[in-house]
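J.: Starting off with a structure, shown below.
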Amino acid sequence: MKQLRVALVMLVIGGLLTTVAFVMAFTTAEVQRFGTVTLSERIDTAFPLQEVTADGYRYERPWFSQKIFYFHVPVAEASFLVFGVAAFFAIRFLMTKRKEYDTKSRIAMETAIVFVTLTMITGILWTRAAWGVWWEWEPRLTTYFIMTLMMIGYFVLRNSIEDEERRAVYASVFGIIAFINAPISFFITRLIPSNHPVVFQSGFATSNLVPFILGQIGMLLVGYAIYSIRMNEERLEERVEIMKEALEG
């Protein structure tokens with residue numbers, strides 16, 4: 001129960017920090033210029049058209065699109081970190097064959113898919129706001145989409161294998177392989193040309209940095225809380241199952 005209380009406190013604090021960060025993004029944060037984006041086709045939009053180049057049509061990124069980043073970036077970072085936790089426990093399971101590590105890996109993956117879903121939703125909203133389209137097959141979006149499909153495949157795999165030990169082994173191996181795509185997706189915009197902005201290369205004023213950091217801390221606390229609450233629920237179910245078997249025996 002103590003762990004559950006701590007998780008609930010973290011959930012409240014994380015929610016408050018995230019809310020404060022988002023409010024600050026629209027009230028005190030300066031309007032930063034995130035440069036321009038070049039699209040292959042001209043779009044019907046109110047976004048300023050800077051110039052027409054040999055590569056396509058260059059538009060200035062609208063000011064309101066950056067506001068989504070104060071939520072989008074923290075949930076994206078949380079998705080990578082929690083996915084990493086899932087991969088870590090998967091490795092621990094393969095090394096020890098202890099069921100508790102498989103459970104922790106699965107719960108972490110469940111938590112990660114929550115943040116992946118939020119990342120996809122906010123990312124699509126940003127793409128529409130910044131580029132005037134709902135989707136663009138550029139490097140970051142494509143690699144993250146592949147990572148999302150692999151995470152969904154993880155749960156499909158778990159539900160398709162009846163034998164408990166084989167299910168845990170196969171899921172752990174698949175989860176570790178799937179995680180390889182996470183650092184690729186994170187660093188790809190720094191390695192090859194992409195329309196997706198690299199936040200830390202864009203520069204931040206203090207009024208922008210404060211809500212950005214608050215949002216990151218808040219979202220990590222929310223992630224920890226979700227994981228802890230699910231783990232507490234899982235342990236409670238295991239105790240109930242043991243009591244049931246004892247009574248039936």
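The values are calculated or read from the model by the stated rules, or taken from the named source; none is laboratory data. From a predicted model like this one, the values you see are computed outputs, not experimental measurements. Cβ sites come from the backbone with ideal geometry, for glycine too, and all protein chains shown count toward neighbours.
J.: Quickly run through the stretch 145-163 and pick out the residues that are among the β-branched types (Val, Ile, Thr) and either more than 28 Å from residue 191 (Cα to Cα) or surrounded by 15 or more Cβ atoms within 10 Å (Cβ to Cβ) (or both).
T.: If the condition is that a residue be among the β-branched types (Val, Ile, Thr) and either more than 28 Å from residue 191 (Cα to Cα) or surrounded by 15 or more Cβ atoms within 10 Å (Cβ to Cβ) (or both), then 148, 156, 161 are the ones that fit.
J.: Enumerate the pairs (first residue in the stretch 105-130 and without any contact (Cβ under 8 Å) to a residue 60 or more places away in the chain and closer than 12 Å to residue 85 by Cβ; second residue anywhere and part of a helix (DSSP H, G or I) and of a type outside the set (Gly, Ala, Ser)) with beta-carbon separation below 9 Å, excluding pairs fewer than 6 apart on the same chain, so at least 6 apart or on different chains.
T.: Short answer, once both residue conditions are applied: 112/80; 112/81; 112/82; 112/83; 112/85; 112/151.
J.: Still on this structure, please answer the following. Checking residue 162 against (1) modelled with pLDDT under 90; (2) farther than 28 Å from residue 234 by Cβ, which test does it fail?
T.: (2)
J.: Looking only at the stretch 1-29, filter to residues that are within 8 Å of residue 211 (Cβ to Cβ) and assigned to a loop (DSSP other than H, G, I, E, B); which one of those is modelled with the lowest pLDDT?
T.: Out of the qualifying residues, it is 29.
J.: Are there any pairs, at least 6 apart or on different chains, whose C-beta atoms fall under 7 Å, with the first in the stretch 14-28 and of a type in the set (Asp, Glu) and the second at pLDDT 85 or above and part of a helix (DSSP H, G or I), and if so, which?
T.: Taking only residues 6 or more apart or on different chains, not a single pair turns up.
J.: Condition first: loosely packed, with under 13 Cβ neighbours inside 10 Å and either more than 21 Å from residue 110 (Cβ to Cβ) or of a type in the set (Phe, Trp, Tyr) (or both). Can you find one or more residues in the stretch 134-144 that meet it?
T.: Within the stretch 134-144, one or more residues are loosely packed, with under 13 Cβ neighbours inside 10 Å and either more than 21 Å from residue 110 (Cβ to Cβ) or of a type in the set (Phe, Trp, Tyr) (or both).
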